[in-house]
Amino acid sequence: MTRADRVPHVELVRVRAILGRGALTETLRGDVRPRASDAAILTDVVVKRLHPNLADDQLAMRRVAEEARVLRRLQHAHIPRLLGLGDDAGLPFFAQERVDGGPLPAFVRLTPAEAVAIAVDVSAALAAAHEAGVVHRDVSARNVLVDTSGRAFLIDFGVARADDRPRLTRSGATLGTPAAMAPEQARGEEASASADVWALGSLLYGFLCGAHPLGITADDAPATRLDKARRATVRPMPLDLDGVDDALRAAVMAMLQSQADARPPDGRAAHALLAALRPPSPRTRAALAKRAVGAHAADNARGDTLDDVDG
């Protein structure tokens, strides 16, 4: 184990709320304390803990610890910081900084300036991940949080692949969200950094057009979504989109090329492409902050619903 892989240990002091449950983990809000006896309690953090039904599953335990090790090497302003790894009565967990905000609804229409600002932030996070040898493999709307200052954060590295870590899933498996899968990923092929670029292009297309580039809808059955992802027939962007110029249109379509080698190869290249379009302005950040507050209030109004989260 390298120095970068060593994860500090924390103890779970209190669970404040259940944010969601997935097949592998449950996501909580809580308080943790570093193992050092004189360390202060870290309050109101995000805790991702193994699902109790998997308490005897050694592979599941390894996956939780592996996600923490992946996060350990990703020190970036647009990725919530890892605080530590621990064990709660036999259930492994890790803690991260909590983003004061939430995800925007899938296919919500944003202004071009807002959409590009989010994509610039996420591409910066992907650039850091790719440079560290990590492919996210699930860059979907629910895994992008917007905070109350209008900044976007990339979360949930539960199905990420690190190039120097053991493979914990079977070869040929399709992992992630079908709506965020590049065609090669949907076919069960190896997902490279350019697969994350495709997913980011899909996210950007959705924010601009209010629809998925492959015509995937919430009413589609899972098999239908996967089939559309494999076929990868991208719908042209409407020509009458207000504020979408030729440069932005070309950037989105470049990221959505069906052939991996025809796209920007990684997050760094995607970030350079997007940042050159229109640097995010204070006015744009303020508009996104207002949207984040609204989305956060809507989540709170629903209470502690156990919406699925990726595990």
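Per-residue Cβ neighbour counts within 10 Å put Phe107, Phe207 in the sequence Phe107, Phe207, beginning with the fewest.
Each peptide in 72-84, 217-229 receives the mean, over its residues, of other Cβ atoms within 10 Å, and ordering these scores from highest gives 72-84, 217-229. With all pairs of different C-alpha atoms in the average, the Kirkwood value for the hydrodynamic radius of the range 113-163 is 11.3 Å. Spin-label pair Arg14-Ala250: with each label point 7 Å from Cα along the Cα-Cβ axis, the two points sit 5.6 nm from one another. Once the Kirkwood radius over Cα pairs is known for the range 30-187, the Stokes-Einstein relation at 37 °C and 0.692 mPa s delivers a diffusion coefficient of 194 µm²/s.
For the range 3-96, count all C-alpha to C-alpha pairs, find those more than 19 Å apart, and express that count as a whole percent of the total. Tail of the P(r) past 19 Å holds 37 percent of the pairs.
Each label point was placed 7 Å from the Cα along the Cα-to-Cβ direction; for Arg283 and Ala36 their separation is 4.6 nm. Out of all Cα-Cα pairs in the range 191-231, roughly what percent, to the nearest whole number, are more than 15 Å apart? More than 15 Å apart: 47 percent of the Cα pairs in the range 191-231. Each residue of the range 259-266 was assigned a 3J(HN,Hα) from its phi angle through the Karplus curve 6.51 cos²θ - 1.76 cosθ + 1.60 (θ = phi - 60°); the sequence is 8, 4, 6, 9, 8, x, x, 7 Hz, with glycine and proline shown as x. Amide H contacts for Leu19 (H built 1.01 Å from N in the peptide plane; partners 5 or more residues away or on another chain; cut-off under 5 Å): Thr27, Leu28, Arg29. Using only Cα atoms, find the angle between the long axis of helix 282-302 and the longest principal axis of the chain, and express it within 0 to 90 degrees, rounded to the nearest 10. Orientation of helix 282-302: about 60 degrees from the principal axis. The calculated Kirkwood hydrodynamic radius for the chain is 19.8 Å, given to one decimal from all distinct C-alpha pairs. When peptides 109-115, 231-237, 273-279 are ranked by their average number of other Cβ atoms within 10 Å per residue, the highest-first order is 109-115, 273-279, 231-237.
FYI, it's all coordinate maths here, none of it is from the lab. What you see is a predicted model, and the numbers here were worked out from it, not measured in a lab. As a convention, Cβ positions derive from the backbone with ideal geometry for all residues, glycine included, and neighbour counts pool all protein chains shown.
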